[in-house]
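What follows is a single structure, written as structure tokens, with notes after it.
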């Protein structure tokens, strides 16, 4: 798909990997709707790139549908969906006081990362399937954002790893399901990236994490994630695939 002139939706676009992706798509000529639960962040990015910033809670169907409709009114129907919204927590199954980890914490991460991604994707796909096909019969493309934690999650990452593993497992069947409509599905599984959340850690901790990456021994740049996301859009033969973007990192148990 040629990105120039097409409409795109970016969830979690108000910061981090989502912000970088929104900026890259806009640079390449897309009309970008920046969706985020943090409206201020979404509007800040949108103002910079000439897009539209919309409040969107991916776990809430009405919120997602309203954002899709508002974006379509502004830019026309979207042919790209970048699912980048997500949260992460680390909690041991048995707490220090001997109690079991709260089920609510596990459910929240699954609800945002896995169910939220499916929610946005199903609503996008239903709208995209109605569009006229382009070259190769393609109608649209969507991206999931997993993590290397889907494969080698660390101690305490049960919820996060399960949610990201679910996205990895959903990639191929979703691609097969939507093939009849000309909608592609791919996933990026990033390693350790220099995001606002990462930069909250002390410098020595960041340096130690960077040193654990074989090559290049530094944290990933959000722009590198965005570049891969854009390539997935433009390379029509990429479909049903999960791509690790991690500098050959394999996470230790802790």
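Read-outs throughout are calculated quantities, based only on the coordinates presented, and are distinct from any laboratory measurement. Because the structure is predicted, anything quoted here is derived from the model rather than measured. Note: ideal-geometry Cβ built from the backbone for every residue, glycine included; neighbour counts use all protein chains shown.
Relative to a virtual label point 7 Å from the Cα of residue 110 in the Cα→beta-carbon direction, which members of segment 43-78 show backbone nitrogen distances below 20 Å?
Label zone hits: 58-61.
Could you give the nm distance between label points at residue 236 and residue 99, where each point is 7 Å from its Cα heading toward the beta carbon?
Label at residue 236, label at residue 99, 5.7 nm between them.
Angle check, please: helix 61-75 long axis (alpha carbons) against the longest principal axis of the chain (alpha carbons), in degrees 0 to 90, nearest 10.
Computed tilt is about 50 degrees.
Take residue 44 and residue 155, extend 7 Å from each Cα along the Cα→Cβ direction, and tell me the distance between the two endpoints in nm.
Modelled inter-label distance: 3.5 nm.
Is it possible to state the helix-based mean residue ellipticity at 222 nm for the chain, with each DSSP H run of 4+ residues giving -39500 (n - 2.57), the sum divided by total residues, to the nearest 500 deg cm²/dmol? What is it?
On the way: 9 runs with 106 residues, N = 254.
When only DSSP H runs of four or more count, the value is -13000 deg cm²/dmol.
What Kirkwood hydrodynamic radius, in Å, does the chain give when the mean of 1/r is taken over all pairs of distinct Cα atoms and then inverted?
18.4
In what sequence, highest mean first, do 21-33, 70-82 appear when ranked by Cβ atoms within 10 angstrom?
Answer by packing, highest mean first, reads 21-33, 70-82.
Give me the percent of DSSP beta bridges within the chain that run antiparallel, rounded to the nearest 5.
5
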